[in-house]
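Notes follow the structure.
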Amino acid sequence: MFRRERPIPLRGSAAPLCNNLSVLQVPSRNLTHFGVVHGPSAQLLSAAPEGVPLAQRQLHAKEGAGVSPPLITQVHWCVLPFRVLLVLTSHRGIQMYESDGSVMVYWHALDSGDVSPVQAVFARGIASIGRFICVGTWSGRVLVFDIPAKGPNIVLSEELAGHQTSVTDIATEPAQGQDCVADVVTADNSGLLCVWRSGPKFKLVTQIPGFGVPCPSVQLWHGTVAAGYGDGQVRLYEASTGTLHVQISAHARAICALDLAPEVGKLLSAAEDTFVHIWKLSRSPESGHTEVEHCHGECVPDTQVCGARFCDPSGSSFAVTGYDLAEILRFSSV
């Protein structure tokens, strides 16, 4: 069971974008950082365990050519082995900051090239693996940035071509010393999933075909891909082969966010039907297939949910954002 805790007030509200919440725990300072996108700005908040907001900062998308300020599409903390960077994507480019948002260390402008004037240009989908940060784009290409241990000498090392439509989300999982492991998955607007093996050169392991609906959110857990779709379904695949293990009719409307508590194998799904569900994933000792058990369902009445994240690796608390909702809702296990 979960109970609602004291909400964290926002200066504005959350934009109606999928995956519109990022959470970073800082155990050494007993703080939790929250990031939420609203139009041309991103709000960063730090809160104590009881939900008292201690600091707020607003970041804005870097201006480029054009009359209107660029809209931000996503904000996400990337935890690398040697540093934490805050990555912000927009219709102009990709901005990388120190973890508190105080200093911008890198800016990558999107090259629209020969794109039609009616074609939206943007970056979306952010994840880190090893020393790399991967960012998706409107064209379907995934940009791979090589991050140094310190300083601003960030290099675009590779562009991955596996998608024909715009990337929606990216998920990664540390390889934990295994060879030939699939540790990156990218999703797009057609529902296609591409599974990659990271390294100095990324390698495409397999493609999992879509079925006519977008895949707004994706996660990786112990070699299992968890994908949330626009028809409310959650599907679990074997990452290395693309074999479908489980299909759940989890929600009545489009899924907008998935998250994982890796320590315990809990999967959180949130959708436009106002519900947030928590599922327990496990591996069957006999077949080796992934099994699912429903643990909890939480209704957020009269709210178009657009972001949801666990607040700790054990999955004992989670936070939710909603369109036109001027606060971050918090829930913790009883």
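The values are calculated or read from the model by the stated rules, or taken from the named source; none is laboratory data. Computed from a predicted structure; not experimentally measured. Glycine gets a Cβ as well: all are built from the backbone with ideal geometry, and neighbour counts include every protein chain shown. Just so you know, the surface numbers come from the protein's heavy atoms only, side chains and all, with ligands and any DNA or RNA stripped out. Shrake-Rupley method; radii C 1.70, N 1.55, O 1.52, S 1.80 Å.
Residues that are out of contact with any strand residue (DSSP E or B) (no Cβ under 6 Å at 6 or more places or on another chain) and open to solvent by less than 40 Å² (accessible area, probe 1.4 Å) within the range 184-228 comprise Gly191, Leu192, Gly199, Gly210, Val213, Gly223, listed in sequence order.
For the range 91-99, check the following and say yes or no: at least one residue is surrounded by fewer than 17 Cβ atoms within 10 Å (Cβ to Cβ) and without any contact (Cβ under 8 Å) to a residue 24 or more places away in the chain. Checked against the condition, which is being surrounded by fewer than 17 Cβ atoms within 10 Å (Cβ to Cβ) and without any contact (Cβ under 8 Å) to a residue 24 or more places away in the chain, the range 91-99 yields at least one hit. Gly315 meets each of the listed conditions (1) at positive phi; (2) part of a strand (DSSP E or B) apart from (2). Within the range 8-52, being closer than 21 Å to Arg124 by Cα and either assigned to a helix (DSSP H, G or I) or not hydrophobic (A, V, I, L, M, F, W, C) (or both) holds for Ser13, Pro16, Asn19, Asn20, Ser22, His33, Gly35, His38, Gly39, Pro40, Ser41, Gln43. Which ones in the range 270-284 are under 15 Å from Tyr237 (Cα atoms), open to solvent by less than 30 Å² (accessible area, probe 1.4 Å) and assigned to a strand (DSSP E or B)? The one that is under 15 Å from Tyr237 (Cα atoms), open to solvent by less than 30 Å² (accessible area, probe 1.4 Å) and assigned to a strand (DSSP E or B): Leu281.
Do we find that Val26 is in contact with a strand residue (DSSP E or B) (Cβ under 9 Å, 6 or more places away or on another chain) and buried (at least 21 other Cβ atoms within 10 Å of the Cβ) in this structure? Criteria not met by Val26.
Consider the range 285-311 and keep the residues that are more than 19 Å from the chain's Cα centre (by Cα), closer than 15 Å to Glu327 by Cβ and not polar (S, T, N, Q). The one that is most open to solvent (accessible area, probe 1.4 Å) is Asp302. The criterion of being more than 15 Å from Pro152 (Cα to Cα), at pLDDT 90 or above and within 18 Å of the chain's Cα centre (by Cα) holds for Val79.
The one condition from (1) closer than 19 Å to Ser166 by Cβ; (2) free of Cβ contacts under 8 Å to residues at least 24 places away in the same chain that Leu54 does not meet is (1).
Considering the range 133-161, and only residues there that are open to solvent by less than 10 Å² (accessible area, probe 1.4 Å) and not aliphatic (A, V, I, L, M), the residue that is nearest to Val103 (Cα to Cα) turns out to be Phe145.
Looking across the range 1-23, the residues that are of a type in the set (A, V, I, L, M, F, W, C), out of contact with any Asp or Glu (no Cβ under 7 Å at 6 or more places or on another chain) and either more than 16 Å from Phe331 (Cα to Cα) or surrounded by 21 or more Cβ atoms within 10 Å (Cβ to Cβ) (or both) come down to Ala14, Ala15, Leu17, Cys18, Leu21, Val23.
With respect to Leu220, determine if the residue is out of contact with any Gly (no Cβ under 6 Å at 6 or more places or on another chain), among the hydrophobic types (A, V, I, L, M, F, W, C) and farther than 26 Å from Ser90 by Cα.
no
Candidates in the range 60-72 are the residues that are at pLDDT 85 or above and open to solvent by 20 Å² or more (accessible area, probe 1.4 Å); of these, the one that is nearest to the chain's Cα centre (by Cα) is Leu71. The residues of the range 233-260 that are in contact with a Phe, Trp or Tyr (Cβ under 8 Å, 6 or more places away or on another chain), β-branched (Val, Ile, Thr) and open to solvent by 10 Å² or more (accessible area, probe 1.4 Å), listed by number, are Thr243, Ile248. Residues that are open to solvent by less than 70 Å² (accessible area, probe 1.4 Å) and basic (Lys, Arg) do not occur anywhere in the range 45-59.
Checking the range 75-84 against the condition returns a match, with at least one residue being of a type in the set (Val, Ile, Thr) and crowded, with 22+ Cβ neighbours inside 10 Å.
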